[in-house]
Amino acid sequence: MTATPTPRVTIKDVAARAGVSKGAVSLAFNHKPGLSEATRDRIFRAARELGWAPNLTARTLAGSRVDVIGLAICRPARLLGLEPFYMEFISGVESVLTEHSCSLLLRLVRNLDEEVGLQESWWRGRQIGGSILVDFRADDPRVAAAQRLGMPVVAVGHPSLTGGLTSVWTDDATAVTEAVRYLAALGHRRIARVGGAAALGHTSIRTAAFDEAAGALGLAGAWQVATDFSGEAGARATRSLLTAAPPDRPTAVVY
């Protein structure tokens, strides 16, 4: 006697359960406009009830634990490969996740709006169990989005930028202040700083700390130049500082 195989659940079944078209199901899972939040929720609920999802997310929609952590980085791939910080950061994250049999889902995005959409798609599609957010800006839209979704998040940024999300951060202000004080103690009165993208929150914190420290010490000159973190931009900024005529030429540079 041969057992009858269980019919495979398809997108058509999900659409029928939710009372929508197959196109609407596709829009929901690809996070495309054109659906109300109520319709999206109904589609996701129907998919979970049937144990269906596109590609690799089917298992997680059936109710099992999601052992994947999301990380989206708003940097061009070329620059990401040149920046030692993120290579070490990702390596550190991976080493901890491996100990807990978890995986990292990494994606490069072009802007914050794209990241908000991606994070929501990941979470609603149950592709991730939580996310790591980096490179915070002032009034960062990801804070409200994470809170609205109820998505577990670790925010890598100063609490003044992360809106109450669980945060880990380095003390950027103290580091910059101590660097300026140390150089001043060595006798430098004209100090420059080559920093990162001005829109990033930690850049703003470092910029403010540099200005405050220079002002408190009464330095004769203090200059700051923003870059995109690439070696080429850093070199250009350094050349522009060191080829300036006195008294606009620094005797020390903070990076």
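Restricting the search to region 149-161, which residues are in a helix (DSSP H, G or I) and surrounded by fewer than 21 Cβ atoms within 10 Å (Cβ to Cβ)? Let's see the steps before the verdict.
First, pick out the residues of region 149-161 that are in a helix (DSSP H, G or I): 149, 159-161.
Within region 149-161, L149, P159, S160 meet the criteria.
Taking R8, is it surrounded by 13 or more Cβ atoms within 10 Å (Cβ to Cβ), over 26 Å from the mean Cα position of the chain (by Cα), at pLDDT 75 or above and among the charged types (D, E, K, R)? No: the conditions fail for R8.
Taking the criterion of being closer than 24 Å to Y255 by Cβ and open to solvent by 60 Å² or more (accessible area, probe 1.4 Å), the residues of region 79-115 that qualify are L82, P84, F85, M87, E88, S91.
For region 215-255: of the residues being of a type in the set (V, I, T) and assigned to a strand (DSSP E or B), which is surrounded by the fewest Cβ atoms within 10 Å (Cβ to Cβ)? Walk me through how you get there before you give the answer.
Here is the first cut: in region 215-255, the residues of a type in the set (V, I, T) are 225, 227, 238, 243, 251, 253-254.
Subset that is assigned to a strand (DSSP E or B): 225, 253-254.
Values: V225: 16, V253: 18, V254: 20.
Residue satisfying both the conditions and the ranking: V225.
Tell me yes or no: at least one residue of region 116-124 is without any contact (Cβ under 8 Å) to a residue 24 or more places away in the chain and either out of contact with any Phe, Trp or Tyr (no Cβ under 6 Å at 6 or more places or on another chain) or surrounded by fewer than 18 Cβ atoms within 10 Å (Cβ to Cβ) (or both). Walk me through how you get there before you give the answer.
The initial filter retains those residues of region 116-124 that are without any contact (Cβ under 8 Å) to a residue 24 or more places away in the chain, namely none.
No, the conditions are met nowhere in region 116-124.
Applying a threshold of 9 Å to beta carbon distances and a minimum spacing of six or more residues, or different chains, the list of pairs starting in region 192-211 at a residue that is on the phi < 0 side of the Ramachandran plot and ending at one that is aromatic (F, W, Y) and open to solvent by less than 40 Å² (accessible area, probe 1.4 Å) reads R193/F210; G195/F210; L200/F136; G201/F136; H202/F136.
Picking from residues in region 7-48 that are basic (K, R) and touching a residue at least 40 places away in the same chain (Cβ under 8 Å), the one that is farthest from E115 (Cα to Cα) is R48. Before we move on, is G164 assigned by the TED database to the domain that holds L112 and either free of Cβ contacts under 8 Å to residues at least 60 places away in the same chain or part of a loop (DSSP other than H, G, I, E, B) (or both)? For G164, the condition - assigned by the TED database to the domain that holds L112 and either free of Cβ contacts under 8 Å to residues at least 60 places away in the same chain or part of a loop (DSSP other than H, G, I, E, B) (or both) - is met. Being open to solvent by 50 Å² or more (accessible area, probe 1.4 Å), at pLDDT 75 or above and not small (G, A, S) is a property that R40 lacks.
Among the criteria (1) in contact with a Lys or Arg (Cβ under 7 Å, 6 or more places away or on another chain); (2) at pLDDT below 85, the one A58 does not fulfil is (1). For region 126-148, filtering for residues that are of a type outside the set (A, V, I, L, M, F, W, C), open to solvent by 20 Å² or more (accessible area, probe 1.4 Å), touching a residue at least 24 places away in the same chain (Cβ under 8 Å) and more than 21 Å from A47 (Cβ to Cβ) leaves 2.
All conditions in (1) assigned to a helix (DSSP H, G or I); (2) over 16 Å from F136 (Cα atoms); (3) not polar (S, T, N, Q) hold for A192, with the sole exception of (1). Every condition in (1) closer than 21 Å to F136 by Cα; (2) at pLDDT 95 or above; (3) not hydrophobic (A, V, I, L, M, F, W, C) is met by R239 except one, and the failing one is (1).
The values are calculated or read from the model by the stated rules, or taken from the named source; none is laboratory data. Because the structure is a prediction, the values reported are computed rather than measured. Cβ atoms come from the backbone with ideal geometry, glycine included; neighbour counts cover every protein chain shown. What goes into the accessible areas is simple: the full protein's heavy atoms, side chains included, and nothing from ligands, DNA or RNA. Shrake-Rupley method; radii C 1.70, N 1.55, O 1.52, S 1.80 Å.
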